[in-house]
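The values are calculated or read from the model by the stated rules, or taken from the named source; none is laboratory data. Everything numeric here is computed off the predicted structure, so don't read it as measured data. Neighbour counts run over all protein chains shown; Cβ positions are idealised from the backbone, glycine included. What goes into the accessible areas is simple: the full protein's heavy atoms, side chains included, and nothing from ligands, DNA or RNA. Shrake-Rupley method; radii C 1.70, N 1.55, O 1.52, S 1.80 Å.
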Amino acid sequence: MYQAIVFLPLLGAILAGFFGRLMGARSSEVITTGLVLIAALLSCLAFYQIAIQGHEERIELLRFIDSGDLHAAWALRIDTLTAVMLVVVTLVSGLVHLYSIGYMEEDPHRPRFFAYLSLFTFAMLALVTADNLVQLFFGWEGVGLMSYLLIGFWYHRPSANAAAIKAFVVNRVGDFGFALGIFAIFTLFNSVQYDTIFASAPDQVGKTMEFLGAHVDALTLICLLLFMGAMGKSAQFLLHTWLPDAMEGPTPVSALIHAATMVTAGVFMVARLSPLFDLAPIALGVVAFIGATTAFFAATVGLVQTDIKRVIAYSTCSQLSYMFVAEGVGAYGTGIFHLFTHAFFKALLFLGAGAVIHALHHEQDLRRMGALRKVLPFTWAMMLIGTLSLTGFPFTSGFVSKDAVIEAAYAAGSVVGNYAFVLTVLSALLTSFYSWRLMFLAFEGKPREKPEMLAHAHEPPLVMGVPLLILALGSLLAGAIFMHLFIGADQAEFWRGSLVAHTGQAEHEVPVLVMLAPTLMMALGFAVAWYFYLRNPLVPFGLAKRFRGVHLFLLNAWYFDALYDRLFVRPAFWLGRKLWKVGDGKIIDGIGPDGVAARVIDITNRVVRLQSGYIYHYAFVMLIGVAALITYFIFSGSGLPR
């Protein structure tokens, strides 16, 4: 069964990728979608058998690497953490496949698109079932490659190509640190096998390792390098710039990448390697600090975005940070719980936004929308449920998991925990504001700029509506149903060592005001958004003009793209041009092959001039030759030959 879960999406990708033209677009859609949905059903069964009944397994498929001391097998590690991720990945991917049948209906390259989706799913499944760091890295790089292909799927658009390259390059920066972390683990533990590493990790506490000429704590260094990879993959502060641009891909791609798969790989990796991170408190502090900072940063930028997908993208960046905050204060189960609930409401929001874009003939600017609630009541209801869950409305899934994260940060009692608590509470306020801003601009008020669009707007077809309904149910109920398993008193029994579960952590033993803070922030954000965009719509324009510098600062995402362009992109292009024009063109080719060829041509052109065909020219050359010979023998002292 577990082999089928992993390899059914790969089979669909092979069939659609290599035989899509022969089978046709419809057959490719049905086959890939059907296989992923079967994997989703099997994953639900696996969750029951593993997480509830405790039937954990390790299935070795083949020997991967045997070289010296490096031994790695392709094996499936089936435990509770894996089971949770299997459900999240396959369920969201299956619904995205189903949704894409309607959304991509007019695209001529559907077999290629569905092949990419299925191959992406396979790479993520290989990642979450990994039993060692080599297999983890294989899946890690696999999702990176497939994200490049999916973001740049519409390759005829220069913006899509640029976004795909940007995502690929920024992730390579993080992956460089991730690879160094794996190398350091092998150097320290002489193994890449999880069980071997976790068993000997306590013995490595306090040991140092030489890095860049200095001796540093080995486990701290390793965890920081590994987290560098997570920062790139999960779009955390400083390595976040690729995520908003990834919106250039089709909307189903945005839902798949930003809800349950690629961006959650970093969160999963920290949880999987929690036995290492838990022994490196400094590294954990960095995880919480970066997470809290990213949450606040992304929330501030989301306040002023006008592209409906970009608003949700920055929301993803912020919500991922909540997961890292939880893990950074040692509440790994809480981080995974928020990952679990986030998959439902974020996929719902992205696919709901896709339904809006589909209805408005690919219009994405919020400033050109308005009054859509009357013509798209079903889509509005779905987006409303997603927004309620995202903002933490009481008793929704997002409310349960987000409150648990904030309470865990407060309960940590550390300096970084208090810092994370303050910023996550502020981020909850900002999240509520920009989420309701999106709802009011898109669905309320009057039509803006293009009222004729409403006449042609239509609800999504059934094949797009069913995934929205299923995700809406998850956004409402998943938190309440699974809370007692993920973060309840019996969480240690549920996780069974698949991650570090601190059963004594008093996450809920916090003051009532702390427990109410997220709900109060949610209500305040709603009230301010209602006043700004429904009661007095001129206020936002006045504030934008009055604080133009702040508005531009947020609109340009704190100018990180401009800064990186000045520090890295332009110098790289300048160096590339110099190496091309001067180094390659003038020096290597000029002195080398092209230079030698040019000199030969010059000499032969001059020699050819001697072959004029006139006798007196040849006689003149002969006389010069005789004179040269006589001169040589005279001055050489040997005399003339007799």
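Taking the range 288-311 as the range and being assigned to a helix (DSSP H, G or I), of a type outside the set (Lys, Arg) and open to solvent by 10 Å² or more (accessible area, probe 1.4 Å) as the test, the residues that pass are 289, 290, 293, 296, 300.
For residue 239, indicate whether it is within 24 Å of residue 327 (Cα to Cα) and open to solvent by 40 Å² or more (accessible area, probe 1.4 Å). No: the conditions fail for residue 239. Of the listed requirements (1) more than 25 Å from the chain's Cα centre (by Cα); (2) modelled with pLDDT of 90 or more; (3) more than 19 Å from residue 313 (Cβ to Cβ), residue 451 misses just one: (2).
State yes or no: is residue 571 touching a Phe, Trp or Tyr at 6+ places or on another chain (Cβ under 7 Å) and either part of a helix (DSSP H, G or I) or open to solvent by less than 70 Å² (accessible area, probe 1.4 Å) (or both)? Answer is no for this residue.
Filter the range 390-407 for residues that are among the small types (Gly, Ala, Ser) and in contact with a His (Cβ under 9 Å, 6 or more places away or on another chain); which is surrounded by the fewest Cβ atoms within 10 Å (Cβ to Cβ)? Step by step, filter the range 390-407, then rank; the result is 404. Across the range 164-192, the qualifying residues are those that are touching a Lys or Arg at 6+ places or on another chain (Cβ under 9 Å) and of a type in the set (A, V, I, L, M, F, W, C), and the one among them that is modelled with the lowest pLDDT is 188.
The residues listed here are 92, 128; of these, the one that is within 26 Å of residue 23 (Cα to Cα) and of a type in the set (A, V, I, L, M) is 92. Just one of the numbered conditions (1) over 30 Å from residue 208 (Cβ atoms); (2) open to solvent by 50 Å² or more (accessible area, probe 1.4 Å) is not true of residue 183: (1). For residue 480, the conditions (1) under 30 Å from residue 370 (Cβ atoms); (2) small (Gly, Ala, Ser); (3) open to solvent by 10 Å² or more (accessible area, probe 1.4 Å) all hold with the exception of (1). In the set (1) within 16 Å of residue 389 (Cα to Cα); (2) free of Cβ contacts under 8 Å to residues at least 60 places away in the same chain, the condition left unmet by residue 319 is number (2).
Just one residue in the set 543, 499 is over 30 Å from residue 81 (Cβ atoms) and either assigned to a helix (DSSP H, G or I) or open to solvent by less than 50 Å² (accessible area, probe 1.4 Å) (or both); that residue is 543. Restricted to helices (runs of 4 or more DSSP H) entirely inside the range 347-456, those with at least 2 residues that are closer than 19 Å to residue 511 by Cα are 397-412, 415-443. On inspection, residue 435 does not qualify as surrounded by fewer than 24 Cβ atoms within 10 Å (Cβ to Cβ), among the polar types (S, T, N, Q), touching a residue at least 24 places away in the same chain (Cβ under 8 Å) and out of contact with any strand residue (DSSP E or B) (no Cβ under 9 Å at 6 or more places or on another chain).
Picking from residues in the range 594-610 that are at pLDDT below 75 and farther than 25 Å from residue 582 by Cα, the one that is least open to solvent (accessible area, probe 1.4 Å) is 610. Here the range 188-233 is the region considered, the condition is being touching a strand residue (DSSP E or B) at 6+ places or on another chain (Cβ under 7 Å) and closer than 30 Å to residue 258 by Cβ, and the residue that is surrounded by the most Cβ atoms within 10 Å (Cβ to Cβ) is 192.
Against the conditions (1) modelled with pLDDT under 90; (2) surrounded by fewer than 24 Cβ atoms within 10 Å (Cβ to Cβ), residue 369 satisfies every one except (2).
Restricting attention to the range 546-559, does a residue exist that is at pLDDT below 80, in a loop (DSSP other than H, G, I, E, B) and open to solvent by less than 100 Å² (accessible area, probe 1.4 Å)? So far as the range 546-559 goes, no, none of its residues is at pLDDT below 80, in a loop (DSSP other than H, G, I, E, B) and open to solvent by less than 100 Å² (accessible area, probe 1.4 Å).
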